[in-house]
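Presented below is the structure to which this report refers.
Values quoted throughout were computed directly from the atomic coordinates according to the rules given, and no laboratory measurement underlies them. Model, not experiment: these values are computed from the prediction. FYI the Cβ positions are ideal-geometry reconstructions off the backbone, even for glycines, and counts take in every protein chain you see.
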Amino acid sequence: MNAGEREVPFVLGTAGHIDHGKTTLVKALTGIDCDRLQEEKKRGITIELGFAPLRLPGGAVVSIVDVPGHERFIRQMVAGASGVDAVLFVVAADEGVMPQTREHLAILSLLGVRDGVVALTKADLVDPEMLELVREDVAEALRGTFLESAPVFAVSAHTGENLDLLTQALESLVERVPPRDRSGGFFLPVDRAFPISGFGTVVTGTAYTGTLRSGSDVVLLPSERAGKVRTLQVHGRLVEEAWAGQRIAVNLSGVPVDAINRGDVLCSPGMFVPTSCLDVVLRVLASSMEPVKHWQRVHLHVGTSDTLARVALLDRRQIEPGEEAPAQLVLEERIVACLHQRFVVRFYSPLVTIAGGEILYPYGNKPRGRKARAAVAGRIETLLAAPGGSTLFALLADERTRISLKEAMVLLQQTAEGVRALAQELVRGKRIVVLGKGNDESYVSTVQLKKIETLLLETLDEFHATMPQLRGMPLEQLVARLFPGEDVRSAKEILSLFLENSTILLEEGRVRSPRFIYRDPEELRRQLRDLEELCARSGVVQLPLLEEVRHALHLSEQDLRILMDVARQEGLVAVISEGMLLHRVVEERLLGLLGTVESDITVASVRDLTGSSRKYVLPILEHFDAQGYTRRVGDKRILRKKNLRQEGKNK
């Protein structure tokens, strides 16, 4: 590199109709002929992607990707345009706007390109009147697009007309387009692979994300071939480090050239995995002649890959031209995709560009049922509104019991440091908690913790109700019930959070709810016997009140509540009017007396029979009515013709 020059991570792509002079213009700007194949030189058309460094007047050196213009090579055009930061849009002054001019413009829009410069090539071949007509034609074609306000230059690669002005405009373009974020895992879709004698395999491509260093371990996906970086080159110069936004040549060891296919991705190990389902926002071109329908088969172009896919719509049956909607792309073969990567969709037949959009989550799962589809659509809408990594992290944490650090690195396509930084952001916002340390770190959302807490207390309450004689639920049994299939150590770490805030208690390997007070079975039996003796002594003459029972048996309010719960469960007592306690022994005794009554059963007759008062007799008889022992007719009651004593015992 010459003195004063500096590498700038910026990729400029050409676009335009075939034979409009893109490659010739690139050669005039850079001195490099991007048509390197014999067939390209013989036929005079670009077939494969071409690359060249562009040296700008201020010393910046950027990359140019020259793409084919022929409709048969749209796949190559998309592959090249997918990684560009801006476009050099080319229209020949002697032909004007042509079909591929419009399709390339639509593809660039779908791929998220937002800036560029327009060159009217072959200006030396037309007169001023024709040039003005072409300007108007181009202005009309660009109206309403991202290039509507772009500067337009009439140039000639043969005479050099206005090439200096074009170069100055490109320098301004480089300065105003923001650089790419270098964080995250390294991700480079491979667009060329070739052997070099004495060096081995070389792959080239535009880095989308991350940073790569000489000597780094890498993996080629989806084939999962591991390799190591021998050397790196940017614009033919050896470098120790390369990053997102640069055209890079990577010399690999451990990967034979015949193991590499178009569509492969060179990336950081442990941060990307192949996928067959993408969560996306899909936009149908306004120029499309028909809508995109649910489960329609399409050609999908992502990075340098080209595969067949089905469009799975989540909240409608079709997307009309000019509209966008959340969707999933279900692929017929696995690919590797990165977050926020743009894509293009073409009809299965005929091959016409109809739609495109952005990948909001690469690892989708096809939902089953309306509720699940609505949940996926909601997640896509949320990510579209707030596309930061912390938003995705929070959503994924809410959907899973726990996410380990290694899982998060793949789901978020981040380095360990990047995951930890996002985690701390969510911790400050009280969205997640961090468990463990170092490589064993994991994350649980506060939403999940609330769900776990509810299930935890319900599980313990159920256990205490069925096994009150035990001090609590064995810890291992609780872990197996709440976290089936989960790592035991991680499950115990989650439970430790509830132990720390006393939501649950752990004693001698058993877990109990703070609401449960363990009572020794023998002590409880003694209290039940004392209760029976107290009620038997009082008889029907004067039923004891709950508060009187508590004082007589020297119980706390909590002890009384536990005693009453057990007594009710065993059918020993009933609490009737105003807190009066009717024990089963008293109930059986009175039912036996009623069976001997030969006259009418009334409140007065029962009062006289028992020596009690109306205050106690009336609530008892109303209780008997409710239980079906008696049936009231006016002021009298009829005894049911059954063995009342036995029925009373059964009750």
Chymotrypsin sites (Phe, Trp or Tyr not before Pro) within the range 277-362, DSSP loop, no more than 14 other Cβ atoms inside 10 Å
Trp295, Tyr348
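Once the other residues with Cβ under 11 Å from the Cβ of Asp85 are scored (Lys, Arg +1; Asp, Glu -1), what is the net sum?
Values: positive: Arg114, Arg176, Arg180; negative: Asp115.
Once positives and negatives cancel, what remains is +2.
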Over the Cα atoms of the range 491-579, each weighted equally, I'd like the Debye log10 I(q)/I(0) at q = 0.10, 0.14, 0.26 Å⁻¹, rounded to two decimals.
-0.38, -0.62, -1.39
Relative contact order of the range 187-267 (C-alpha contacts under 8 Å, at least 6 apart) in percent is 39 percent
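Divide, for the range 294-439, the radius of gyration over alpha carbons by 2.2 N^0.38 Å, where N is the residue count.
Numbers: Rg = 16.8 Å, N = 146, 2.2 N^0.38 = 14.6 Å.
Computed over Cα atoms of the range 294-439, the ratio equals 1.15.
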Once the Cα atoms of helix 99-110 and of the chain are each reduced to a long axis, what angle between those two axes, in degrees from 0 to 90 to the nearest 10, is obtained?
40 degrees
Dipole size in debye (nearest 20) for the chain around its Cα centre, Lys and Arg Cβ +1, Asp and Glu Cβ -1?
2700 debye
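Please arrange Lys492, Lys437, Lys451 by how many other C-beta atoms lie within 10 Å of their C-beta, fewest to most.
Working: Lys492 17, Lys437 7, Lys451 13.
Listing Lys492, Lys437, Lys451 from fewest to most nearby Cβ atoms yields Lys437, Lys451, Lys492.
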Name the long-range amide H neighbours of Ala92: under 5 Å, sequence gap of 5 or more, or other chain; modelled H, no Pro or chain starts.
Thr121
Paramagnetic reach from Ala465 (point 7 Å along Cα→Cβ, amide N under 15 Å) across the range 569-584:
569-570
Which whole-angstrom value gives the distance between the alpha carbon centres of the range 527-562 and the range 479-505?
40 Å
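Express in nm, to one decimal, how much length is gained between Arg428 and Ala552 on full extension, taking 0.36 nm for each residue of separation and deducting their alpha carbon distance. Don't jump to the answer; show the numbers that get you there.
Numbers: separation 124, 0.36 × 124 = 44.64 nm, distance 5.47 nm.
Extra length available between Arg428 and Ala552 comes to 39.2 nm.
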Candidate aspartates and glutamates - alpha carbon under 19 Å from Lys636, same-chain residues fewer than 8 apart omitted
Glu598, Asp600, Asp608, Glu622, Asp625
For the range 388-518, report the translational diffusion coefficient in µm²/s to the nearest whole number, using Stokes-Einstein at 20 °C, 1.002 mPa s, and a Kirkwood Rh over Cα pairs.
137 µm²/s
For Lys615, list the aspartates and glutamates whose Cα falls under 13 Å from its own Cα; do not include residues on the same chain fewer than 8 positions away.
Glu578
In percent, what relative contact order does the range 521-650 have, based on Cα pairs under 8 Å that are 6 or more apart in sequence?
25 percent
Just how many % of Cα pairs in the chain lie over 39 Å apart, if you round to the nearest whole percent?
53 percent
Tell me which aspartates and glutamates have Cα within less than 20 Å of Lys437's Cα, excluding those fewer than 8 residues away on the same chain?
Glu407, Glu417, Glu425, Glu486, Asp487, Glu493, Glu500
Against the longest alpha carbon principal axis of the chain, how many degrees, from 0 to 90 and to the nearest 10, is the axis of helix 389-399 turned?
30 degrees
Please compute, for the alpha-carbon atoms of the range 218-319, the extent along each of the three principal axes and give them in descending order in Å.
51, 26, 24
Restricting things to alpha carbons, tell me how big the range 521-650 is in terms of Rg and Dmax, in Å.
15.1, 47
Flagged as over-length at 28 Å C-alpha distance, from Lys371/Lys492; Lys228/Lys492; Lys366/Lys451; Lys406/Lys430; Lys406/Lys450, the pairs are Lys371/Lys492; Lys228/Lys492
Taking the Cα centre of each part, how many Å lie between the range 338-391 and the range 416-474?
30 Å
Per principal axis, descending, Cα span of the range 187-267 in whole Å
27, 25, 20
Once phi is turned into ³J(HN,Hα) by the Karplus curve 6.51 cos²θ - 1.76 cosθ + 1.60 with θ = phi - 60°, what whole-Hz value does each residue of the range 433-440 show in order, with x for glycine and proline?
10, 9, 10, x, 9, x, 6, 8
Counting other C-beta atoms within 10 Å, and keeping those with at most 10, which DSSP coil trypsin sites (Lys or Arg not before Pro) do you find in the range 86-192?
Arg143
In square nanometres and to one decimal, what's the mean projected area of the convex hull around the Cα atoms of the range 362-450?
5.9 nm²
What ³J(HN,Hα) values, in whole Hz, does the Karplus curve 6.51 cos²θ - 1.76 cosθ + 1.60 give for the range 123-130 when θ = phi - 60°, with x put for Gly and Pro?
5, 6, 9, 10, 8, x, 5, 5
Estimated [θ] at 222 nm from DSSP helical runs (n ≥ 4, -39500 (n - 2.57)) normalised by residues in the chain, nearest 500
-11000 deg cm²/dmol
Leading residue at positive end of dipole, the chain (Cβ point charges), from Leu405, Ser253, Met580
Met580
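Can you tell me the dipole magnitude for the range 499-543 around its Cα centre, using point charges on the Cβ only (Lys, Arg +1; Asp, Glu -1), in Debye to the nearest 20? Before the final figure, lay out each step's value.
Details: 8 positive and 9 negative charges, 35 e Å.
Its charge dipole is roughly 160 debye.
Give me the extension gain from Gln627 to Gln318: residue separation times 0.36 nm, minus the current Cα-Cα distance, reported in nm with one decimal.
On the way: separation 309, 0.36 × 309 = 111.24 nm, distance 6.25 nm.
Working it through step by step, the gained length comes to 105.0 nm.
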Name the residue from Leu560, Ile620, Leu524 whose Cα lies farthest towards the positive end of the charge dipole of the range 521-650, charges +1 on Cβ of Lys and Arg and -1 on Cβ of Asp and Glu.
Ile620
In degrees, nearest ten, helix 416-428 long axis to first principal axis of the chain (Cα):
50 degrees
Take Ser183 and Asp487, extend 7 Å from each Cα along the Cα→Cβ direction, and tell me the distance between the two endpoints in nm.
2.5 nm
All-pairs Cα distance distribution in the range 244-372, expressed in whole percent, bin size 5 Å
2, 10, 19, 22, 17, 12, 8, 5, 3, 1
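Starting from the Kirkwood radius over alpha-carbon pairs of the range 520-570, derive D by Stokes-Einstein at 10 °C in a medium of 1.306 mPa s and give it in µm² s⁻¹.
Working: Rh = 11.2 Å.
The estimated diffusion coefficient comes to 142 µm²/s.
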Counting other Cβ atoms within 10 Å, which GluC sites (Glu not before Pro) in the range 490-575 have at most 15 and lie in a DSSP loop?
Glu508, Glu570
Tell me, what ³J(HN,Hα) does each residue in the range 205-210 have, in order and in whole Hz, if you take phi through Karplus 6.51 cos²θ - 1.76 cosθ + 1.60 with θ = phi - 60° and put x for Gly and Pro?
x, 9, 6, 7, 9, x
Just to confirm my numbers, what's the Cα centroid distance between the range 163-192 and the range 89-123 in Å?
18 Å
